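The values are calculated or read from the model by the stated rules, or taken from the named source; none is laboratory data. In this text the structure is predicted, and so the values were computed from the model without any measurement. Positions of Cβ are backbone-derived with ideal geometry, glycine not excepted, and every protein chain shown enters the neighbour counts. When the accessible area is computed, the model is the full protein with side chains, heavy atoms only, and any ligands, DNA or RNA have been set aside. Shrake-Rupley method; radii C 1.70, N 1.55, O 1.52, S 1.80 Å.
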Amino acid sequence: MPDIFLNAPALFDLSGRTALVTGAGSGIGQRIAIGLAQCGADVALVDRRTDGGLSDTASLVAAAGRKSVQVAADVTSADALAEAVAQTEAELGPLTLAVNAAGIANANPCEEMGEDQYQTLMDINLKGVWLSCQAEARAMLAHGKGGSIVNIASMSGVIVNRGLNQVHYNASKAGVIHMSKSMAMEWVGRGIRVNSISPGYTATPMNTRPEMVHQTKEFENQTPMQRMADVNEMVGPAVFLLSDAASYCTGVDLLVDGGFCCW
Ligand code: NAP
C-alpha cells in the first residue's frame, strides 16, 4: 500500500535550511536567492562585489523574514570561496543548499577571439562552478547532513545560439552540464545531489550587452513560447531541484527554455 498521506506541499519547504547563492547580486542568482528565502531558507549572498545589487537582495531576503550574509568573493578564487562557506556556516549554520549562478557572457568570432577573452570566461563560467561546488561539498561532506547543489548552465550548452559568436560561452555551459553530472556521481553515495538548470533566453542585465540588445525580437521569434523568460521563472525549477521534492533527482539537466530545444 503506497503512503497516500504524503504531505506534498511540505516537500518544497526549505525552513531551517542554510543556502549559498553565487551571482546573488543580479539577475537569475538574485531572484533565486529571494525565492529560497521565501521558501524558508537563510541565504548567504555571494557576488564579486558588495557595491552591486547584493544589498537589494539582502533587503528582500529580510522582507521574507529570513537572515542573510553578504559576501564578496570571486568564484575564480578557491580561497575566497572557502572563506565564504566558512563565514556562511559561522553565521547561518550548516550549509545544505547551494546555487551557483555567477557567470559572464560575451562574443567574438572564433577566428578573432584572443586567448585572454577565452580564458577569462572559462575561468569564471566553468572553473568557477567547479571551485564553488568543491567548496560547498567539502562543507556538506564534513558535517554529514548531505546537501543539494544546483548549477546554472544554459541551453547554450545543448544548442548553438543562431547569430551569436560565442564558442567559449557555449563550451563552458556544455562543460557545466557534464561537470554537474560527474560530481553528482562522485557524491551520489554520500548524500549530495547535484543538478543543473539550463535557462533559455531570460530577461536579465546579461542580455543588455551590446551584441544582444538588438536581437531580442529575434530571440522571441526563435522561442516556441514566443517570448523570453521572466527571471522569476527560474525560481520554481531551482526550488524544486534543491528541495526534498527532487529527492530522487541527481545528475539532471533541467531545460527551462520555453520549448527552444524542441525545435
Ligand atoms: P547577470 O545578471 O549578469 O548576473 C551574473 C552575476 O554574476 C553578476 O552579479 C556578476 O557580477 C556575477 N559574477 C560575474 N563574474 C563573477 C565572478 N568572477 N565571481 C563572482 N560573481 C561574479 O546574469 P544572469 O543573466 O543572471 O546570469 C546568471 C547565470 O545564468 C550565468 O551563469 C549565465 O550564464 C546563466 N544564463 C543566463 C541566461 C540569460 O538569458 N540571462 C541564459 C542562460 C544561462 P558583475 O555584475 O560584477 O559582473
Original post:
What residue, among those in segment 58-75 that are surrounded by fewer than 16 Cβ atoms within 10 Å (Cβ to Cβ) and not aliphatic (A, V, I, L, M), is nearest to Thr120 (Cα to Cα)?
Top reply: Ser59
**OP:** Report, by residue number, each residue of segment 177-197 that is within 16 Å of the ligand (Cβ to nearest atom) and without any contact (Cβ under 8 Å) to a residue 60 or more places away in the chain.
**Re:** His178, Met179, Asn195, Ser196, Ile197
Subject >> Checklist (1) surrounded by fewer than 21 Cβ atoms within 10 Å (Cβ to Cβ); (2) at pLDDT 95 or above applied to Ala137, failing item >> reply: (1)
**OP:** Would you mind telling me which numbered condition in (1) farther than 20 Å from Ile32 by Cβ; (2) under 13 Å from the mean Cα position of the chain (by Cα); (3) hydrophobic (A, V, I, L, M, F, W, C) Ile177 fails?
**Re:** (1)
Original post:
Is it true that some residue in segment 124-134 is within 11 Å of the ligand (Cβ to nearest atom), open to solvent by 30 Å² or more (accessible area, probe 1.4 Å) and not aliphatic (A, V, I, L, M)?
Top reply: yes
Original post:
All but one of (1) without any contact (Cβ under 8 Å) to a residue 40 or more places away in the chain; (2) surrounded by fewer than 21 Cβ atoms within 10 Å (Cβ to Cβ); (3) within 10 Å of the ligand (Cβ to nearest atom) hold for Ser55; which doesn't?
Top reply: (3)
Subject >> Subset of segment 88-102 (residues that are open to solvent by 30 Å² or more (accessible area, probe 1.4 Å) and within 20 Å of the chain's Cα centre (by Cα)) >> reply: Glu89, Pro94
Subject >> Selection from segment 179-193 of residues that are part of a helix (DSSP H, G or I) and either open to solvent by less than 50 Å² (accessible area, probe 1.4 Å) or not hydroxyl-bearing (Ser, Thr, Tyr) (or both) >> reply: Met179, Ser180, Lys181, Met183, Ala184, Met185, Glu186, Val188, Gly189, Arg190
Subject >> Every residue from segment 14-51 that is on the phi > 0 side of the Ramachandran plot and either modelled with pLDDT under 95 or away from the ligand (no atom under 16 Å from the Cβ) (or both) >> reply: Gly16, Gly40
**OP:** Kindly indicate whether Leu11 is surrounded by fewer than 16 Cβ atoms within 10 Å (Cβ to Cβ) and away from the ligand (no atom under 13 Å from the Cβ).
**Re:** yes
**OP:** Give segment 165-176 a look and list any residue that's among the aliphatic types (A, V, I, L, M) and within 11 Å of the ligand (Cβ to nearest atom), or say none.
**Re:** Val176
